[in-house]
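Student: My questions will all concern the structure given below.
The values are calculated or read from the model by the stated rules, or taken from the named source; none is laboratory data. Quick caveat, the model's predicted, so the values are computed rather than measured. Virtual Cβ from ideal backbone geometry, glycine too; neighbours counted across all protein chains shown.
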Amino acid sequence: MKHTFSALLMMLFTSFAYAHPGEHHGGMLDAIAHLLSEPDHLAMALIAVVVGVAGARFFRRRTAARILAKRR
Ligand SMILES: [Zn+2]
């Protein structure tokens, strides 16, 4: 469930990666090099990582709280 949610979140954010004009030509390595060299892609990747970490922490804390609540 967590992985599905994370995957869906990542898929949502990839659409924002097409923010700059121009196209993404070339092979896989060119695309990766381009994604790592463009500041707008790096910013979106950073935002996705921050949202992913925040979501993981939220789910982890909620799960821990539910486990503690069951023990009482
Ligand atoms: Zn690009």
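Student: State which residue pairs qualify: first residue closer than 20 Å to His3 by Cα and among the aliphatic types (A, V, I, L, M) and inside the range 49-72, second residue surrounded by 10 or more Cβ atoms within 10 Å (Cβ to Cβ) and modelled with pLDDT under 95 in any location, beta carbons under 8 Å apart, and separation of 6 or more residues or different chains.
Tutor: Close Cβ pairs satisfying both conditions: Val51/Leu9; Val51/Phe13; Ala56/Lys2; Ala56/Ser6.
Student: Restricting attention to the range 18-37, does a residue exist that is modelled with pLDDT of 95 or more and β-branched (Val, Ile, Thr)?
Tutor: Within the range 18-37, none of the residues are modelled with pLDDT of 95 or more and β-branched (Val, Ile, Thr).
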